[in-house]
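Here is the structure we will look at, set down as structure tokens.
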Amino acid sequence: MSDQPLCMLTVHAHPDDEASKGAPTLAMYGASGVRTVLVCCTGGEEGDINNPGLKEPGQPFHDVSPERERELLAQMRPLELDASAQAIGFHAVHMLGYRDSGMLGSEANKNPECFHMATNDDATERLVRLIRLEKPQVIITYNDDQSAYPHPDHIKVHDISLLAFHRAGDPMWYPDAGPVWQPAKMYYTIWSKSRLVAMHEAMLKLRGKSPFDEKWLNRANQDYRITTKLDIGAFMYARSAALRAHATQIDPNEMFWFGLSDEELAEVYPYDDWVLARSIVDGPQPGTFEDDLFAGVRDGDASLFSTAPLERLP
């Protein structure tokens, strides 16, 4: 087991989330020879048309009924996801198979096919099956603090990822879901306050304005939780290209996404930040940052890939 190729699996709620959360990191590892795997839990059916250019004359969403708009969106989003995954360089993309639940409190939350309505056990089993298939040493998922954006699908991604991390290596769970496999590490995404402030100040200096108002700047600072800081400046292209691939969701003229060029962003804040949430290997020493999501895994210790179960969670 110690010679198992390195693999990283990232879990996202909707098409486009993979573009806005850690795309340069995945591109960097994919380019280095690590197998990178995307799990997308829903099809993004409840997304809006956020690109006004697509509603202009001659464009797909010009003067169409709400019903036709929804049909077109359902057709386009899988194609956008494919283009985004190619831009980032994912080796595999798996759909978990649920419908988009929509924003908190919407009617879409009640759809029996949506992710929100799925039991944690059903959704976790689907994810465990993919973990056992792909055998990642590292899993990336959403932060446990979703207070700033309490989307039902994002919350559920976190919940089932945590369960799946433990259950994938436990033979008592889902015996028909493939041979057990215990991931070594799990990381949470985090958009650091340091990054936000650096981007805000750079846009004020270079553009004379910034999309980050007091609501953004007054968000709770969680930078103290960061354990891992990766220099991904050379891979900023993956973020911008993947975002643009989601043409229905991303306005290419929106300053929030594209107020700085790839080169400027790499100069201002050339890092992706991560929170080490679970690990069966040694973590970073207090006061230091990891610079590799596979730190402790690359050492060749066969015990890192043991299939012995961890403490069982409910």
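The values are calculated or read from the model by the stated rules, or taken from the named source; none is laboratory data. Every value quoted in this text rests on a predicted model; they were computed, and no experiment measured them. Here the Cβ positions follow ideal geometry from the backbone for every residue, glycine too, while neighbour counts run over all protein chains shown.
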ask   = So which of 83, 108 is under 19 Å from the mean Cα position of the chain (by Cα), more than 20 Å from residue 183 (Cβ to Cβ) and not charged (D, E, K, R)?
value = 83
message = Give all pairs with beta carbons closer than 8 Å in which a residue from the range 202-213 that is under 15 Å from residue 257 (Cβ atoms) meets a residue that is surrounded by 18 or more Cβ atoms within 10 Å (Cβ to Cβ) and hydroxyl-bearing (Ser, Thr, Tyr); count only pairs at least 6 apart in sequence or on separate chains.
response = 203/210
task = State whether the residues of the range 54-71 include one that is farther than 23 Å from residue 118 by Cβ, assigned to a helix (DSSP H, G or I) and under 24 Å from the mean Cα position of the chain (by Cα).
result = no
Residues being in contact with a His (Cβ under 8 Å, 6 or more places away or on another chain), over 30 Å from residue 3 (Cβ atoms) and assigned to a helix (DSSP H, G or I) - total across the range 97-134 = 1
Condition check for residue 92: closer than 14 Å to residue 40 by Cα and of a type outside the set (Lys, Arg) = yes
message = Against the condition part of a loop (DSSP other than H, G, I, E, B) and surrounded by fewer than 24 Cβ atoms within 10 Å (Cβ to Cβ), how does residue 82 come out, does it pass?
response = no
request  = Just give me the residues in the range 188-230 being of a type outside the set (Gly, Ala, Ser), surrounded by 14 or more Cβ atoms within 10 Å (Cβ to Cβ) and in a loop (DSSP other than H, G, I, E, B), in sequence order.
outcome  = 190, 191, 211, 212, 219, 222, 226, 227
key: Matching entry among 118, 164 (being in contact with a strand residue (DSSP E or B) (Cβ under 9 Å, 6 or more places away or on another chain) and either touching a residue at least 60 places away in the same chain (Cβ under 8 Å) or crowded, with 23+ Cβ neighbours inside 10 Å (or both))   = 164
Within the range 135-164, considering residues that are outside any loop (DSSP other than H, G, I, E, B) and hydroxyl-bearing (Ser, Thr, Tyr), the one farthest from residue 125 (Cα to Cα) = 141
key: Enumeration of residues in the range 165-174 that are assigned to a helix (DSSP H, G or I) and touching a Leu at 6+ places or on another chain (Cβ under 7 Å)   = 166
remark   = Looking across the range 96-111 at residues that are touching a strand residue (DSSP E or B) at 6+ places or on another chain (Cβ under 9 Å) and not small (Gly, Ala, Ser), the single one that is nearest to residue 47 (Cα to Cα) is 100
inquiry  = Among the listed residues 294, 305, identify the single one that is surrounded by 13 or more Cβ atoms within 10 Å (Cβ to Cβ), modelled with pLDDT of 90 or more and either of a type in the set (A, V, I, L, M, F, W, C) or under 30 Å from residue 205 (Cβ atoms) (or both).
reply    = 294
ask   = How many residues are touching a residue at least 24 places away in the same chain (Cβ under 8 Å) and either surrounded by fewer than 21 Cβ atoms within 10 Å (Cβ to Cβ) or of a type in the set (Lys, Arg) (or both) when one looks only at the range 29-46?
value = 6
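Starting from residues that are within 13 Å of residue 269 (Cβ to Cβ) and touching a Leu at 6+ places or on another chain (Cβ under 9 Å), keep the ones in the range 231-241 and report whichever is surrounded by the fewest Cβ atoms within 10 Å (Cβ to Cβ). If you could, list the steps in order and put the result at the bottom.
At the first step, the residues of the range 231-241 found to be within 13 Å of residue 269 (Cβ to Cβ) are 231-233, 236, 239.
Among the residues that remain, those that are also touching a Leu at 6+ places or on another chain (Cβ under 9 Å) are: 233, 236, 239.
Details: 233: 18, 236: 23, 239: 25.
Checking each candidate, the answer is 233.
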